[in-house]
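Report on one structure; see the data block that follows.
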Amino acid sequence: MPTIVSTLIENNNYRDILDMRKQILLDYEEDITKYAYSLDQTKILNVYRKIPVFLGKENKKFQISKVEHNARNRKYVGVVDWLKNTGIINVCYSLDNL
């Protein structure tokens, strides 16, 4: 990430860092497939890829049922915990608008 920040500061242009940002996201996906031994890697990648979709909506609540057609919590047990434990995501519970 420091390379991206320094490139942004030097060039003052987001276009120059787009490829670097894409590569970081691909590196995360590669790490998921490399280190997810006990859980289904496909399920982890499905959840990981859907997170930006949820964050882009007005209601940012993450719902497993929206990750895949007919997805159920019991089918995805441990996936969000795995992503959280690796530091890839941060989970926020019960946030209220003040």
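Summary table below
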item	result
Listed candidates [x] 147; [y] 132; [z] 284 - label of the one calculated as volume of the Cα convex hull per residue in Å³	[x]
Contact order normalised by residue count of region 38-98, Cα under 8 Å, 6+ apart, percent	31
Sorted peptide list for 30-37, 75-82, criterion being average Cβ within 10 angstrom, highest first	75-82, 30-37
C92-D40 pseudo-label distance in nm [points 7 Å out on the Cα-to-Cβ vector]	3.0
Net charge contributed by nearby residues that have their C-beta within less than 15 Å of I32 (K/R +1, D/E -1)	-1
Set K34/K57; K22/K84; K60/K84 screened for pairs whose C-alpha atoms are more than 19 Å apart	K34/K57; K22/K84
Pairwise FRET efficiency - R72 versus D19, Cβ, R0 = 41 Å, nearest 0.05	0.65
Set of aspartates and glutamates near K61 by C-alpha distance (under 20 Å), chain-local residues within fewer than 8 positions excluded	D81, D96
Using alpha-carbon coordinates, inclination of helix 2-11 to the longest axis of the chain, degrees	40
Sum of -39500 (n - 2.57) over DSSP H runs of 4+, divided by residues of the chain (222 nm, nearest 500)	-16000 deg cm²/dmol
Neighbourhood net charge (12 Å Cβ-Cβ; Lys/Arg +1, Asp/Glu -1) for Q23	-2
The chain: angle of helix 18-35 to the longest principal axis, Cα-based, in degrees nearest 10	40
FRET efficiency estimate (nearest 0.05) - Cβ-Cβ, N85 to T3, R0 25 angstrom	0.40
Principal-axis tilt of helix 41-55 within the chain, Cα atoms, nearest 10 degrees	70
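Every number here is computed from the coordinates shown, using simple stated rules; none is lab data. Everything numeric in this text was worked out from a predicted model, so none of it was measured. Cβ atoms come from the backbone with ideal geometry, glycine included; neighbour counts cover every protein chain shown.
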